[in-house]
Structure formats: structure tokens, C-alpha cells
Amino acid sequence: MITLRHEIANAREAEPACYAASVIISTRNRKDELRRAVASAVGQSIRPQVIVIDDGSDDGTAELVRREFSGVRLERSEVSRGYIVQRNYGARIANAPIVITMDDDAAFVSPHTIEQTLEDFDDPRVGAVAIPYIDIGKDPTPRQQAPKRPGVYVSNNFRGTAGALRRDLFLKLGGFREYFLHQGEEDEFCLRLLQAGYITRLGRAEPLHHFESPRRNRSRIIYHQSRNNILFAWYNVPACCLALHLAGTAINSIRAGVRAGHAPASLRGCWMGFLGMLHERAQRSPVSPEIYRLLRRLKKQGPPPLSEIEHMLPPLTRRIQQSSAGGPH
């Protein structure tokens with residue numbers, strides 16, 4: 001049986017009754033990168049609740065957090081459960097209306113990034129914010145950043161290293177798909193947001209920095225991307241478009257694997273995605289054709305102002321049923 005224990009190094013009475021934001025950092029055997037990430041989170045102008053989830057580390061991660069960050073909530077799994085499961089768990093235990101997901105190899109550079117991100121939830125349609133970030137050492141151009149002009153700009157996704165979510169909405173929609181295991185969970189959640197009438201907004205905050213860990217396994221990433229692209233279609237694409245979408249997804253995934261030098265990983269991923277469709281046959285819940293067409297528009301034409309596409313969204317008055325997307329899958 002998997003055990004999970006939590007600790008708060010200081011007394012609970014010292015914590016605010018309610019935070020404006022909770023920062024969730026899932027980590028495994030990256031204590032040096034984690035130190036930088038946590039330090040940047042606790043140093044924000046608006047003090048967030050910081051939750052570190054140690055996903056079965058054996059390098060002294062938990063000891064570092066206890067020793068150096070007394071106000072941080074530490075959760076530890078004795079065995080690894082994966083960052084998607086841990087982010088869902090972090091959202092459930094968070095004590096703030098906005099939860100921010102952050103990788104252990106990222107860091108806030110400005111002390112105002114969280115404060116600025118909270119301001120991006122000023123429209124009731126906003127269910128998630130893609131926080132701007134820079135991939136250090138790869139490209140100095142900020143990603144996920146709104147244009148420098150007025151308006152709310154709509155993205156089809158955000159990256160988990162730099163995302164903010166309305167906690168209540170995230171939980172009602174079932175969180176991230178845990179059957180994905182690794183990669184692609186943000187895109188799938190953002191599509192469910194659209195189906196519920198909410199959008200993912202490009203952020204206006206000062207970018208955080210992402211220092212991609214050299215320990216990343218590229219073959220593993222491509223395998224899961226290929227697998228989960230197939231599953232994404234199975235869960236969400238309307239029946240009238242499913243066969244064509246699946247064929248195109250498989251071809252594009254294999255091409256991407258060949259270009260990256262990991263063709264076997266992409267082939268295995270596609271095969272396991274098709275097998276996964278059998279496992280997940282009861283979980284299929286396609287979006288409407290209108291929302292599917294909107295997704296295709298967002299991916300092909302880029303982020304439009306909300307005012308251009310709001311008429312395509314369902315009304316917010318519609319009740320959201322509790323979903324089991326996160327569930328035990």
C-alpha cells in the first residue's frame with residue numbers, strides 16, 4: 001500500500017487561514033534544482049502557500065526541505081506515483097483559490113510574478129492562466145506571453161511548469177488525467193475547460209525561468225507524447241472526426257519521433273495509445289463539434305482575443321458536474 005505523509009515544519013497556527021495562491025512543486029531526486037525553485041516561491045511579494053511533494057526521492061530531498069524551508073508544507077510518497085498524480089493531490093490539499101503548478105527545475109525571477117498572475121483572473125471566463133516563462137539556454141524569447149496590447153488572449157494550452165488554475169474549477173472538472181502518467185495532461189485539461197465555457201489565458205506577468213534538467217529522458221518523453229496524443233483523441237474528439245484525427249495523430253507522432261532520432265519510442269507510444277483506448281473505453285467523453293472546431297482554430301491560427309471567440313463558448317451559467325477524470329486511472 002502506498003503511504004503518503006505530510007509535515008509542516010512550523011506550527012499550523014503560524015500559517016494564514018487562507019492564502020491568495022498555492023504553489024505546488026512535485027519533485028523526485030532533484031534537490032539542488034528544488035532548492036532554487038522553493039526559494040523563489042517563498043520570496044514572492046504575495047506570500048503563497050508552498051507545497052512540496054516529494055515523489056519517492058532517495059537523495060535527501062525531504063531532509064533539505066525540512067532543514068532550509070521551515071514554512072513549507074512537505075508531502076512525501078514512499079514510492080513514486082508520478083507528477084500528474086501528485087499535482088492532483090496538491091490541488092486537493094491546497095488552501096488557496098488559485099493553484100500554481102511549477103517544475104522543480106524552474107524559478108521565479110521577479111518577486112511580483114504571482115501577484116501579477118492573480119490579476120489575470122479578472123475575467124470570469126478565465127479558468128487557467130499560462131504564466132510566461134523562458135527556457136534558459138535554449139531560447140531567450142518568453143513563451144506563453146500575451147501580446148503587448150489590451151485584451152484577454154486565449155490559448156489552447158499551458159505548460160505545467162508555469163500554469164495557474166482556479167482550484168474549485170480544476171477539482172470539479174476532475175483535475176488532470178492520471179492515466180496519462182507523463183506528458184500532455186495540460187492540453188487535455190484545457191480542452192475540458194473550453195467545453196465547460198472557460199478559457200486558458202496567456203499571461204501578462206514577468207516570466208519565470210525554466211532550467212531544463214539534464215536528467216530528462218528524451219526517449220521516454222517522446223514515448224509518452226505519442227501515447228497520450230492518441231488517448232487525447234479517444235477521450236475528446238467527436239465521433240464524426242475521430243478516425244481521421246487518430247490517423248493524422250499517429251502519422252505526425254511517428255514523423256516527430258523519426259526527426260528526433262527516437263522512432264522506436266514513438267512507434268511504441270502510438271501502439272500503447274491504441275491499446276490504452278481499450279482500457280479507457282468507458283472514459284470517452286467527446287466535446288461538442290463546435291468546441292472541437294474552436295480547438296482546431298486555436299491551434300492553427302494562434303491565440304485570438306476572447307472577444308472574437310466568446311460567442312462559440314457555452315454559457316457559464318451551465319452547471320459543471322463533478323468529473324472523475326483524475327480518478328484512479
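What the table below lists for this structure:
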| quantity | calculated |
| --- | --- |
| Cβ-defined net charge surrounding Ile136, 10 Å radius [Lys, Arg +1; Asp, Glu -1] | -3 |
| Shape category assigned to region 41-183 from the gyration tensor of Cα positions, a/c cut at 1.5 | prolate |
| With DNA, RNA and ligands ignored, accessible area of Arg81 (1.4 Å probe; Å², nearest 10) | 100 Å² |
| Contour minus Cα-Cα distance for Phe274 and Ile93 (0.36 nm per residue) | 61.8 nm |
| Evaluated at q = 0.14, 0.16 Å⁻¹: base-10 log I(q)/I(0), Debye formula over Cα of the chain | -1.18, -1.53 |
| Interatomic Cα distance distribution for region 240-312, bins of 10 angstrom, percent | 16, 35, 33, 15, 1 |
| Residue-averaged [θ]222 nm for the chain, counting only DSSP H segments that reach four residues, each worth -39500 (n - 2.57) | -12000 deg cm²/dmol |
| Stretch gain in nm, segment Asn217-Met312, where the contour uses 0.36 nm per residue and the Cα spacing is subtracted | 30.3 nm |
| Debye-sum result for region 173-329 in log10 I(q)/I(0), which assumes one identical scatterer on each alpha carbon, at q = 0.09 Å⁻¹ | -0.33 |
| Accessible area of region 178-242 belonging to carbon and sulfur atoms, whole % at 1.4 Å probe | 50 percent |
| Amide H contacts of Val50 (H built 1.01 Å from N, under 5 Å, at least 5 apart or other chain) | Val23, Arg73 |
| Residue-span extension gain [His112 to Asp32] - 0.36 nm each, minus C-alpha spacing | 26.5 nm |
| Cross-link pairs beyond the 29 Å C-alpha cut-off, checked among Lys31/Lys138; Lys138/Lys172; Lys138/Lys299; Lys148/Lys172; Lys31/Lys172; Lys148/Lys300 | Lys138/Lys172; Lys148/Lys172; Lys31/Lys172 |
| Inter-site label distance for Asp123 and Ala247 at 7 Å from Cα along Cβ, in nm | 3.7 nm |
| Environment charge of Tyr153, counting only residues whose C-beta is closer than 15 Å and scoring Lys/Arg +1, Asp/Glu -1 | +2 |
| Cα shape, region 90-154, gyration tensor, a/c 1.5 rule | oblate |
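The values are calculated or read from the model by the stated rules, or taken from the named source; none is laboratory data. Worth saying up front: this structure is predicted, and the values here are computed from it rather than measured. So basically every Cβ, Gly included, is an ideal-geometry build from the backbone, and we count neighbours across all protein chains shown. With ligands, DNA and RNA removed, areas are computed over all heavy atoms of the protein, side chains included. Shrake-Rupley method; radii C 1.70, N 1.55, O 1.52, S 1.80 Å.
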